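Notes follow the structure.
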Amino acid sequence: MASSPATNTILTAAHWGPMLVDTDGENVLASRGALPGTFENSLQSVVREQVHSKTRVRYPMVRKGYLASPDAPQGVRGQDEFVRVSWEQALDLIHTQHQRIRATYGPASVFAGSYGWRSNGVLHKAATLLQRYMSLAGGYTGHLGDYSTGAAQAIMPYVVGSNEVYQQQTSWPLVLEHTDVVVLWSANPLNTLKIAWNASDEQGIVWFDRLRKSGKRLICIDPMRSETVDFFGDAMEWIAPHMGTDVALMLGIAHTLVEHGWHDSAFLQHCTTGYDEFARYLTGERDGVAKTAEWAAGICGVSADKIRELAQLFHENTTMLMTGWGMQRQQFGEQKHWMLVTLAAMLGQIGTPGGGFGLSYHFANGGNPTRRAAVLASMQGSVAGGVDAVDKIPVARIVEALENPGAPYQHNGMDRHFPDIRFIWWAGGANFTHHQDTNRLIRAWQKPELIVISECFWTAAARHADIVLPATTSFERNDLTMTGDYSNQHLVPMKRVVAPRDEARDDFEVFAELSERWEAGGRERFTEGKNDLQWLETFYQIAGQRGASQQVTLPPFREFWQANQLIEMPQSEQNARFVRFAAFRADPQANPLKTDSGKIEIYSRRIAGYGYADCPGHPTWLAPDEWHGNARADQLQLLSAHPAHRLHSQLNFTSLRERYAVAGCEPLTLHPDDARARDIADGDLVRVWNSRGQVLAGAVVSDGIRPGVICLHEGAWPDLDPQAGGICKNGAVNVLTKDLPSSRLGNGCAGNTALVRLEKYRGPSLTLTAFDPPASA
Ligand SMILES: Nc1nc2c(c(=O)[nH]1)N[C@H]1C(S)=C(S)[C@@H](COP(=O)(O)OP(=O)(O)OC[C@H]3O[C@@H](n4cnc5c(=O)[nH]c(N)nc54)[C@H](O)[C@@H]3O)O[C@H]1N2
Ligand SMILES: Nc1nc2c(c(=O)[nH]1)N[C@H]1C(S)=C(S)[C@@H](COP(=O)(O)OP(=O)(O)OC[C@H]3O[C@@H](n4cnc5c(=O)[nH]c(N)nc54)[C@H](O)[C@@H]3O)O[C@H]1N2
Ligand SMILES: [Mo]
């Protein structure tokens with residue numbers, strides 16, 4: 001009898017941090033976090049299910065009507081059967097069609113913008129590898145911006161000369177030392193700090209825990225009582241404005257400052273420009289409407305007394321406005337962070353230890369001090385002598401581009417035209433969950449001639465493709481990662497835990513193969529003659545060189561790779577005292593910001609010059625198309641916050657779903673008043689709908705949400721049932737959201753601007769099929 005194989009424990013890492021994964025050599029047995037002293041992170045517990053899921057794509061598959069006549073495909077994407085083919089057949093087919101389409105319509109007709117969170121790792125970067133291949137083939141259409149901060153990252157460079165959303169924050173030790181009042185404005189760090197773009201260093205919640213015990217005044221401004229408010233308990237005050245009204249709330253606070261002469265005239269004078277222009281709007285001198293606390297209360301639903309109290313509190317104390325991004329993922333999202341910086345400037349604390357604003361304390365553990373570090377290099381998205389993107393579209397305007405090839409549009413001061421996209425390849429993103437207005441997407445998605453999806457799982461995007469290629473998960477290949485997008489706290493090996501399942505291949509291998517088909521010697525050009533371990537050694541050696549300048553020495557690669565241990569980088573006393581904008585504040589002449597004036601721009605001549613009605617020259621309250629102010633009596637405002645037990649759509653198919661699913665669906669939080677008015681009880685199956693679509697969800701009746709607002713977290717897999725009026729049986733929020741730009745400046749997504757109706761579901765019972773692969777797969 002064979003003895004049971006020995007268990008091996010491999011150190012690896014995901015977006016959700018370093019993990020220890022047990023394997024018997026063939027199967028994943030269990031997984032858990034690898035860093036001591038951190039908070040439990042549910043996402044780390046399901047590696048086994050990720051690798052062995054029945055939802056994995058097992059073989060290359062082609063849509064039947066496509067395979068029958070690839071030059072003039074038959075059938076409908078998303079409705080057709082899939083046919084299993086060999087890798088050879090699949091790659092030949094892609095290669096032939098790619099050649100035809102590129103030769104006929106040019107490089108801009110190939111969309112390789114492929115946005116998404118893929119898996120972490122410096123080598124196996126799905127979209128980057130796709131772009132590398134497309135650069136070898138002669139260029140492609142790429143994308144601008146992202147779904148996360150489309151509005152904020154566009155406006156901030158005009159205002160403070162940097163994007164702020166992806167930059168290191170004033171350090172946590174200084175916040176704990178100097179800050180009196182911490183405001184979490186549209187931020188839910190307890191959820192959002194579970195992950196990072198690299199691997200999480202997992203220190204963010206540890207810092208927030210210290211804050212919890214600090215006795216400081218803590219406030220959360222959010223229409224929903226988030227997990228973070230519960231984490232802080234009685235130590236935190238929860239203030240719930242109507243959705244989308246924060247600019248009015250901030251204006252009311254700003255006006256109160258002016259009423260009392262509490263605004264910091266010296267700071268405004270030295271460090272900002274355009275305040276006077278803005279002040280004429282604030283006081284009503286220009287439009288006859290003074291933006292008083294009472295005016296603001298009428299819009300945002302927070303009482304005038306509370307608004308005045310906040311003004312006094314912020315003025316009298318060192319206040320850090322820790323600001324998240326949910327409120328800028330809206331129509332006119334640019335105004336939110338512009339007005340926030342304006343408010344912070346009026347308070348005059350920007351650049352002090354512990355005062356001002358920070359746009360990334362809730363993301364990737366911003367504020368956890370940067371280490372002295374040997375930072376890994378990573379794979380680049382173009383080959384030597386290749387052609388990069390020949391055009392780029394704002395990432396969230398993809399459906400408009402498909403609908404209107406050649407049509408003019410405006411973006412960030414530029415007049416442009418949409419390309420004529422004929423071939424889409426998505427690798428490492430789940431655009432059927434991430435994009436707004438799913439039904440509109442499905443219609444536009446029928447237009448291209450070829451859609452290829454590289455995926456580990458049968459996502460809705462894969463089901464709506466012509467060709468689906470099975471990708472390895474990060475646990476089936478070798479890679480490396482840093483932790484902490486800002487801290488660089490650890491360098492972690494990501495050794496293959498188990499062999500690839502079924503016919504899954506690394507994206508790297510797939511694009512290397514296609515490169516060879518594209519031109520003789522293409523493989524060599526794509527891989528630069530290196531296999532995976534050789535690339536990792538290169539990235540590691542560059543880290544060693546970078547580390548040397550910081551007195552950090554790495555062991556030889558072989559030794560490191562053998563050891564199965566992470567390397568923790570040394571602390572830097574200097575970085576632990578980092579204050580954002582300190583040099584600028586100390587001497588704005590000598591250390592100007594990268595704005596037109598070198599100062600903080602409260603009024604921007606350049607933005608005013610664009611003449612965009614949806615993004616005027618200074619922060620302005622603009623009423624959205626769909627909000628509580630124009631809602632009918634039975635309409636509710638829809639919030640699509642980020643989920644606790646997923647990264648977007650990732651892991652929706654795992655047993656973590658049992659922790660949150662209600663009535664077999666995505667949970668929907670609603671206020672008892674709104675439930676009573678509709679005869680809905682906690683646990684009921686409900687139907688949510690508007691003119692764009694309908695979904696089923698499970699009711700969670702709670703006073704932890706503002707009346708008139710309901711929350712369905714983003715990321716549930718669409719599971720549209722054509723036999724039942726197209727209703728989504730899983731509760732995918734983007735079936736309901738509006739696909740409109742934040743403004744012509746950022747063209748960000750506006751997933752948090754939508755009205756819906758709600759009722760108890762009384763239709764026939766429907767079976768969830770989101771996680772079942774197509775019958776033939
Ligand atoms: N309504 C609404 N919509 C939103 C948001 C919102 O707040 N509200 N948030 C938006 C935001 S901020 C974002 S960032 C987007 C997120 O949107 P995405 O980043 O697209 O979401 P993910 O679910 O992370 O998708 C990653 C996909 O990559 C696949 N994958 C993982 N590893 C690999 C790999 O190695 N190779 C390949 N080929 N595939 C791989 C995974 O299986 C998964 O399907 O959603 C946006 N959509
Ligand atoms: N566990 C987990 N962590 C994640 C992610 C995930 O999917 N799961 N996604 C990651 C990604 S890609 C990103 S971009 C970040 C997203 O980080 P954020 O964009 O900050 O996250 P959200 O949950 O969309 O929004 C934060 C809070 O804003 C609130 N909010 C929404 N609209 C308004 C409003 O009009 N006014 C006010 N005051 N508050 C409002 C929401 O209720 C929510 O509690 O998170 C990252 N972290
Ligand atoms: Mo994001």
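Laid out as a table, the results:
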read-out	value
Kirkwood Rh in Å, taken over region 562-705 so that all alpha-carbon pairs contribute	21.2 Å
Fraction of accessible area attributable to carbon and sulfur, region 42-156 (%, probe 1.4 Å)	47 percent
Nearest 10 degrees, 0 to 90: helix 304-316 Cα axis against the chain principal axis	90 degrees
Where GluC sites (Glu not before Pro) fall in DSSP loop in region 22-63, at most 11 other Cβ within 10 Å	Glu26, Glu40
Cut-off under 5 Å, modelled amide H: who pairs with Asp684 long-range	Ala699
Length released on extending from His270 to Asp772, taking residue separation times 0.36 nm less the Cα-Cα span	174.6 nm
C-alpha long axis of helix 246-259 to longest principal axis of the chain, angle in °	30 degrees
Cα-Cα over 22 Å, subset of Lys125/Lys392; Lys54/Lys194; Lys125/Lys729	Lys54/Lys194; Lys125/Lys729
Using a Förster distance of 41 Å, the FRET efficiency for Asp673-Asp502 (Cβ separation, nearest 0.05)	0.20
Residue-by-residue Karplus 3J(HN,Hα) for region 693-700, coefficients 6.51, -1.76, 1.60, Hz, glycine and proline x	x, 8, 9, 9, 7, x, 6, 10
Gain upon complete extension [Ala290, Glu88; 0.36 nm per residue less C-alpha separation]	65.8 nm
Computed [θ] at 222 nm, deg cm²/dmol, the chain (DSSP H ≥ 4; -39,500 (n - 2.57); rounded to nearest 500)	-8000 deg cm²/dmol
Label-point gap, in nm, between Ser42 and Arg605 - each point 7 angstrom along Cα→Cβ	5.3 nm
Cβ-derived FRET efficiency at R0 56 Å, Asn8 paired with Met414, nearest 0.05	0.55
Region 95-102 - phi-based ³J(HN,Hα) in whole Hz, Karplus 6.51/-1.76/1.60, Gly and Pro as x	4, 4, 6, 4, 4, 4, 5, 5
Rg/Rh for the chain, where both radii come from Cα atoms and Rh is the Kirkwood radius	0.96
Inter-site label distance for Lys530 and Ser69 at 7 Å from Cα along Cβ, in nm	4.7 nm
Placed amide H near Asp506: partners under 5 Å, 5+ positions off or other chain	Thr472
Where region 628-760 is the region considered: accessible area per residue in Å², 1.4 Å probe	31 Å²
R0 of 22 Å, Cβ-Cβ distance Glu309-Ala235: FRET efficiency to nearest 0.05	0.80
Gain in span if fully extended, Arg632 to Ala103, counting 0.36 nm per residue against the direct Cα distance	185.2 nm
Low-density loop cleavage sites - trypsin sites (Lys or Arg not before Pro) in region 260-369, where at most 13 other Cβ are within 10 Å (DSSP)	Arg286
Spatially proximal aspartates and glutamates relative to Lys594 (Cα-Cα < 19 Å; intrachain offsets below 8 disregarded)	Glu164, Glu334
Radius, Kirkwood style, for region 628-760 when every pair of distinct Cα atoms is counted (Å)	14.9 Å
Total charge dipole magnitude, region 582-732, about the Cα centre, Cβ charges on Lys, Arg, Asp, Glu only, Debye to nearest 20	460 debye
Of Val57, Val21, Gly37, farthest towards positive along the dipole that unit charges on Lys, Arg, Asp, Glu beta carbons give region 1-92	Val57
DSSP beta bridge pairing in region 639-777, given as percent antiparallel to the nearest 5	75 percent
Accessible surface of region 628-760, 1.4 Å probe, proportion on carbon and sulfur as whole %	46 percent
Among beta bridges that DSSP assigns inside the chain, antiparallel share in %, nearest 5	50 percent
Crossing angle, helix 126-137 versus the chain [Cα axis fit, 0-90 degrees, rounded to tens]	70 degrees
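The values are calculated or read from the model by the stated rules, or taken from the named source; none is laboratory data. A quick note: this is a predicted structure, and the numbers were derived from the prediction, not measured. As a convention, Cβ positions derive from the backbone with ideal geometry for all residues, glycine included, and neighbour counts pool all protein chains shown. The protein model used for the area step is the full one, side chains on, heavy atoms only, and it has no ligands, DNA or RNA in it. Shrake-Rupley method; radii C 1.70, N 1.55, O 1.52, S 1.80 Å.
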